[in-house]
Amino acid sequence: MNKKLIGVDLGGTTAKLAILTKDGDIQEKWTIDTNIEDKGSHIVKDIGDSINQKLTDLQLDNDNFYGIGMGTPGTVNYETGTVKGAYNLGWAEEQNISEDLEKITGLKIRLDNDANVAALGERWKGAGEGGANVVFVTLGTGVGGGIFAEGKILHGVRGAAGEIGHVTVVPENGYDCTCGKKGCLETVASATGIVRVAKDFAKEFNGESKLKKAIENQENITSKLIFELGAEGDELATETIDKISFYLALALSHIGNMLNPEKIIIGGGVSAAGDQLLTPVKNYFETMVFPAVKESTKLSIATKGNDAGIIGAAWLALPTED
């Protein structure tokens, strides 16, 4: 019998769940709302109950599955299957995720950080193409990352490996970051960071610009709008995209020179800009890296979108002997 995998990608608004084949192909996919009330105490039960109900509906039992892999925000202890510091879920204190979910479902649980599982998903079935050395950078509300080196996901001594969003790219007069530092990549290359850069540039900008007018009229400015106006040739939008591409390339060049991965994959909502982001980042990156890295490390846009997390989470549930 071909056993299957279950992947769970837990976010602050919804949890994405899927049943996949051993080869990583999604067979069934659904979402449930993340209930963060009462310090997130309902989240694990809701996930477990939803999985049990889905297996009942599909007339499947636990013998059909290797187990459940799950990605979660916060700092994960991989040995104990616990997580803490997921403040957007109400999980400030340590939560016994694996133990609690195993009790509800009766299936073996493997846990990892949400950025890491997105990296695993892209590495396994997406733009990483199964490479042994792949780095994934996600540009969303924040900036996250996952590092796959020599065939293994890197965690670091405290689970903080891959915190690419907190590489310093503006060492002087940088914006304050939620982490307590200044000038982090996240402050300029996240969706909110790009808007912040545009608004700052607008103060000094004297030319004709739809973006400047929109900012002055206090319209809702998004990173998507900035890229759309940039594609139309809007000068302020173009200047903003150029600057954030420089910052992103600077951070990625440090990764390239340090790790020399086969690929650095850019994902998250901002990556929807595609070549409009990738091309200037590549151009700067190539001026900043060691010649051998320039020749061998390729930058690309993620291909799995919102499915990367559930695919990577499911990969965690694969038996190690396979």
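The values are calculated or read from the model by the stated rules, or taken from the named source; none is laboratory data. Since the structure is predicted, the reported quantities are computational estimates derived from the model, not experimental observations. When we count neighbours, we look across all protein chains shown, and the Cβ atoms used for this are built from the backbone with ideal geometry, even at glycine. For the accessible areas, the whole protein counts, side chains as well, though only heavy atoms, and no ligand, DNA or RNA atoms are used. Shrake-Rupley method; radii C 1.70, N 1.55, O 1.52, S 1.80 Å.
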What do you get for the angle between helix 235-259 and the principal long axis of the chain? Use alpha-carbon atoms, 0 to 90 degrees, nearest ten. 50
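Give me the net charge of Asn217's neighbourhood, meaning all other residues with Cβ under 14 Å from the Cβ of Asn217; Lys, Arg count +1, Asp, Glu -1. It would help to have the intermediate numbers written out before the result.
Details: positive: Lys199, Lys210, Lys212, Lys213; negative: Glu216, Glu219.
Once all neighbours under 14 Å are counted, the net charge is +2.
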Given R₀ = 25 Å, FRET efficiency for Thr80-Lys152 by Cβ-Cβ distance, to 0.05? 0.85
Calculate, for Lys298 and Asn62, the FRET efficiency according to 1/(1 + (r/R0)^6) with r their C-beta to C-beta distance and R0 41 Å; round to the nearest 0.05. 0.50
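Which order do you get for Arg123, Arg196 if you rank them by accessible area with a 1.4 Å probe, largest at the top?
Arg196, Arg123
Kirkwood hydrodynamic radius of the chain from all distinct Cα pairs, in Å? Spell out each step's value before the answer.
Values: mean 1/r = 0.0488 Å⁻¹.
Computed over the chain, the radius equals 20.5 Å.
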Angle check, please: helix 275-288 long axis (alpha carbons) against the longest principal axis of the chain (alpha carbons), in degrees 0 to 90, nearest 10. 80
Quick one: which residues, 5+ away or cross-chain, put their amide H under 5 Å from the amide H of Ile301? H built at 1.01 Å from N. Ile266
Compute from the Cα atoms of region 135-248 the Rg and the Dmax, the latter being the longest Cα-Cα distance, and quote both in angstrom. 15.9, 51
With the other protein chains left in place, how much accessible area per residue, in square angstrom, belongs to the chain at a 1.4 angstrom probe? 48
Roughly how many Å² of Glu239 are accessible to a 1.4 Å probe, to the nearest 10? 80
Residue-count net charge about Thr238 - beta-carbon cut-off 13 Å; Lys, Arg +1, Asp, Glu -1: -4
Share of region 90-208's accessible area from carbon and sulfur, percent, 1.4 Å? 46
Once you've got the Cα coordinates, tell me which of Lys103/Lys152; Lys210/Lys263; Lys22/Lys298; Lys212/Lys304; Lys4/Lys103 are over 31 Å apart. Lys210/Lys263; Lys212/Lys304
Can you give the accessible area of Glu216, probe radius 1.4 Å, in Å² rounded to 10? 120
For Met258, what accessible surface area do you get with a 1.4 Å probe? Give it in Å², rounded to 10. 150
